[in-house]
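Report on the following structure.
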Amino acid sequence: KIKDSQEHVVVATTRPETMLGDVAVAFSPKDKRYKHLKGKKLILPVINRELEAIFDRLVDPKFGTGALKVTPAHDPVDFQLGLTHKLEPINVMNPDATMNREASVDYEGMDRIECREAILEALKERGLLVKAEPHRHAVGHCYRCHTMVEPRLSKQWFVKMKPLAKKALEAAKKKRIKFYPARWTKVYINWMENIRDWCISRQIWWGHRIPVYYCKKCQGRSAVSDARLAPSSANRKPQTVNPGIIVSKTRPDKCPSCGSADIEQDPDVLDTWFSSWLWPFSTLGWPSETEDLKYFYPTKTLVTAQEIIFFWVARMMMAGIEFMGEIPFSDIYIHGTVRDDTGTKMSKSLGNIIDPLDIINEFGADALRFSIISITAVGQDVFLSRDKFESGRNFANKIWNASRLVLMNLDSGKIDIDTDDSFKDSSLELKERWILSRFYQTLKNVGDSLDSYKINEAAKLIYEFFWHEFCDWYLEFAKTTFSSSQTQACVYQVLEKSLRILHPFMPFISEEIWQLLPHRSESVMVASWPEFEKKLIDKKADRDMDAIIAIVTAIRNIRSTWRIEAQKTIAVHIKVPSDPAKKVLIENGEYIKRLAKVDELIVDRDLVKPKSSAADVCGDLEVFVPLKGIIDYEKEKDRISKNLESLNARFGDLSGKLKNERFLQNAPADVIDKFKASHQEMKLQLEKLEANLDSIKR
RNA sequence: GGGCGAUUAGCUCAGUCGGUUAGAGCGCGUGCCUCACAUGCACGAGGUCAGUGGUUCGAGCCCACUAUCGCCCACCA
């Protein structure tokens, strides 16, 4: 009610009980409806308190009635308004959210929910309730017991953050710290730029007790129990000078101000992060200048979760700069959140976790580790379910069995374990040059991936190399020449080094197998990532082996298409464009024969397609498989036509591109060269395919 | 309210600096218990890269808008 008037102002609230703590009603300065209230007083119903009418830009004239009840002791916005307009807050609640004496004797002792109803009832009785309606809004809840939290004025300890944030902000802006993925940098910067003072006192039992002591004589009894415990003191103005407040590591004997020995420690404990932010150096013996501290501070990489960037990462950065004069780490790897297959975050309290111990029992520890790494892409959440662990288990099994094969055939008399380069001087066969080349390329790529924190990519590279190059091709080739010292040395080296790069991903199985291999006695696996050998990267070997793999695959394809029995051996004729190409195939003929089940292999430059044969084109080679009595000409025609068709379409695209003036002008030279080369290659392939088709028609 | 992510094969997801034909695992089809491995081997099928428009000689990738799903932050009377 407006004082000395019959007019009423209507306010809206979701918490009627806080009306008992109202000290003003606020309006927007732009709101014409309430202009006439400037300088007026209002009367709060039910307890008839006199209220100020204030005008402030914080009030949104379009929200509700445009009139905002102001309760500085029980609402953050209202608290701000209270400071601006110099209003005395009235705290009407006890720490347990029951109403206190300030709420008037009628309501004292009631729970706030009970009081809420009581106030509504009181307003209704007086005919002052305009309406009650359901309203959805967000309220804070306790993280442990989920009780609705009531904002309430109390006295707390704060850390002034602006000065601390300044340098931590600079570190990010000047890129002395880097986030992986980089987008989190923005989140960090945004928070630092809008930093707010940090409330570090907590009213819980467990924690570091705040090292502040109060002289009861100087501060009075309520100094210790303060606003949180004694409502009558809550409305005091904060003191700027505080005689009798002693901050000390140890309990003081007497008050330095008045000499009284009647001293009591603050009952609150520190926010858990207030000790955590010291973690990068307090764990190393700080504030003593220990050897550990000198050696390990600063470190390089922090691995953590996104929700902890503010709580922990930002604060460690500030503490590190403040107390050590230096950032604690330069790289911050933010991993995704682990979710179940419905997308819900996995947590112990929700009970939707997969217990790692169960997975270890069922699939193995290495399977667990490798599988998790494989599905963890930088910056992406991972969706976890039991079946994801199968691939890790299968890979471990593969490693074990491949190693068994090697160990069964390894003759330690034939290998030189003392040097890594027992084969470097001898001229190696293609398959050895190839697998070494592939190994060192993999080693390089795995290293690069790890350096950029792409651990899933690194895992995939190793998996691909070990399974599909080392096992599927090299070991199959090696079965032919296992007794040669060259193969022995190579198999040993590649397996031994593969185990070393596997070790961070699958520590147990790699260690176990490594111990079964012969070694110099002082060798230690864990500490030795293999050295990169650029000399052993052999692009020619890569290309030659690609051709052999393509030939074997083409023959297998033909076998499969024409349903040639798995056991049956066949003849194969290969037409080559040059003598060097012929030489490569002749030298490696045994391997083609073994892997494609071929008994007769003819390789020549001038070779006529045998009658009744299936044909395939592999680059500049032509593969013919005589299939007398088996081949179905119509079917073979379809097969070749289909290949021809897709090749033709691509050839057309490429031709168009190479005729396009603007492409030739704008594209980089190396791209144009590559396009031209493959255009030429395709042309030759097309000619061969067409010739094959013709020979069928005849 | 502010900030951000995702949308690619039946499923779960990779995809580097924009560059020829977009990859993997699982699943699927066919044939194999080949003397390391059936937790395996070989061959194969399967894609309008959410939609629309734009930039570019060239777009899964860059820009704008739209749709759907999701996350983080916040003092929504």
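Where a number appears in this text, it was derived from the coordinates with a stated rule and is not lab data. What you see is a predicted model, and the numbers here were worked out from it, not measured in a lab. Because the Cβ atoms are built from the backbone with ideal geometry, glycine has one as well, and the counts that use them run over all protein chains shown.
Modelled spin-label separation between residue A:162 and residue A:128, with each label point placed 7 Å from Cα along the Cα-to-Cβ direction: 4.1 nm. Of A:633, A:34, the sequence from fewest to most neighbouring Cβ atoms within 10 angstrom is A:633, A:34. The equivalent ellipsoid that matches the C-alpha gyration tensor of chain A spans semi-axes of 78, 35, 23 angstrom, in descending order. Amide H to amide H, with H built 1.01 Å from N, residue A:603 comes under 5 Å of A:574, counting only residues 5 or more places away or on other chains.
Using alpha carbons only, how many angstrom separate the centre of segment A:628-698 from the centre of segment A:579-596? Using only Cα atoms, the two centres lie 26 Å from each other. Within segment A:94-136, what residues put their amide N at less than 13 Å from the label point 7 Å along the Cα-to-Cβ vector of residue A:147? Of the residues in segment A:94-136, A:94-99, A:111-113 have backbone N under 13 Å from the label point off residue A:147. Can you tell me the FRET efficiency between residue A:1 and residue A:96 if r is taken as the Cβ-Cβ distance and R0 is 30 Å, rounded to the nearest 0.05? With a Förster radius of 30 Å, E is 0.40. For segment A:59-119 versus segment A:322-380, the inter-centroid distance based on Cα atoms is 44 Å.
With Cα atoms defining each centre, segment A:167-197 and segment A:441-497 are spaced 40 Å apart in the structure. Overall, chain A carries a charge dipole of about 2420 debye about its Cα centre when +1 sits on the Cβ of Lys and Arg and -1 on the Cβ of Asp and Glu, all other atoms neutral.
When only Cα pairs below 8 angstrom with a gap of at least 6 residues are kept, segment A:527-662 shows a relative contact order of 24 percent.
Rg/Rh for segment A:430-587 stands at 1.02; both radii use Cα atoms, and Rh follows the Kirkwood definition.
Put simply, the amide H of residue A:98, placed in the peptide plane, has no neighbours under 5 Å, leaving out anything fewer than 5 places away on its chain.
The local environment of residue A:595, defined by Cβ-Cβ distances under 9 Å, has a net charge of +3 under the rule Lys, Arg +1 and Asp, Glu -1.
Each helix, a run of at least 4 DSSP H residues, gives -39500 (n - 2.57); summed and divided by the residues of chain A, these come to -12500 deg cm²/dmol at 222 nm. Residues A:115, A:618, ranked from the fewest to the most other C-beta atoms within 10 Å, line up as A:618, A:115. Annotation for residue A:542 and residue A:260: the two label points, set 7 Å from Cα along the Cα-Cβ direction, are 8.2 nm apart.
Compute the acute angle (0 to 90°) between the alpha-carbon long axis of helix A:485-502 and the principal axis of greatest extent of the alpha-carbon atoms of chain A; round to the nearest 10°. For A:485-502 against chain A, the angle is about 10 degrees. Placing a pseudo-label 7 Å from each Cα along the Cα-to-Cβ vector at residue A:638 and residue A:691 gives an inter-label distance of 2.7 nm. Across chain A, C-alpha contacts under 8 Å between residues 6 or more apart give a mean separation that, scaled by the residue count, equals a relative contact order of 7 percent. Taking 0.36 nm per residue of separation and subtracting the Cα-Cα distance, what length does fully extending residue A:679 through residue A:659 add? So the chain would gain 6.0 nm between residue A:679 and residue A:659. Within segment A:73-135, the proportion of Cα pairs with more than 20 Å between them is 44 percent.
Estimate the FRET efficiency between residue A:361 and residue A:306 by the formula 1/(1 + (r/R0)^6), using the beta-carbon distance for r and 35 Å for R0, to the nearest 0.05. Each step should come with its number before you reach the end.
Details: r = 31 Å, r/R0 = 0.89.
Using R0 = 35 Å, I get an efficiency of 0.65.
In this structure, the amide hydrogen of residue A:26, modeled 1.01 Å from its nitrogen in the peptide plane, lies closer than 5 angstrom to those of A:54, A:68, A:69, A:70, counting only residues at least 5 positions away or on a different chain. Seen against the Cα atoms of chain A and their longest principal axis, helix A:162-173 is set at about 20 degrees.
R0 = 51 Å: FRET efficiency of residue A:479 with residue A:353, Cβ-based, nearest 0.05? All intermediate terms of the calculation are to be shown ahead of the outcome.
Working: r = 45 Å, r/R0 = 0.88.
For residue A:479 and residue A:353, the calculated efficiency is 0.70.
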